[in-house]
Amino acid sequence: MSVARLTSPYLRQHAENPVDWYPWGEEAFRRAREEEFAHLLAAQDFAQRGPFEIILAGDKLGADALVEAVHRACLPTRVLAFAEDVPIGQGPHPVDGQPAAYVCRNRTCDAPVMNPKALLELCAA
């Protein structure tokens, strides 16, 4: 969306102002912390990766490590939910009785993962 197309007088006044973009990584995180612009990180993440969902299937208590990994990572455009709490039909299931995480984009889910490191790798893709 072009800022110049917006109708807000304030935004139209600033439509031609330059915007500094940083590659997604530590430099962007450092600048956001220093300048207290966490919401800009969310906007940049949305522009680069788009929104995605993480559906956890299985025992909620057993999925603690998966939940903690997601909460500790900077994933501002993600939605995290347990399969039993959302209407997804015949959706995600635990794998061999173990809690599993499904990362979904554009209504398509990746194969399930059971460990936090693999989950974060899928989220970063």
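From the list Ala57, Ala69, Ala73, the one residue that fits, being in contact with a strand residue (DSSP E or B) (Cβ under 7 Å, 6 or more places away or on another chain) and either surrounded by 13 or more Cβ atoms within 10 Å (Cβ to Cβ) or not assigned by TED's automatic domain parsing to the domain that holds Pro23 (or both), is Ala57. Of the residues making up the range 87-118, those that are surrounded by 13 or more Cβ atoms within 10 Å (Cβ to Cβ) and β-branched (Val, Ile, Thr) are Ile88, Val95, Val103, Val113.
The values are calculated or read from the model by the stated rules, or taken from the named source; none is laboratory data. Note that the structure is predicted; figures quoted are calculated from it, not measured. Cβ atoms come from the backbone with ideal geometry, glycine included; neighbour counts cover every protein chain shown.
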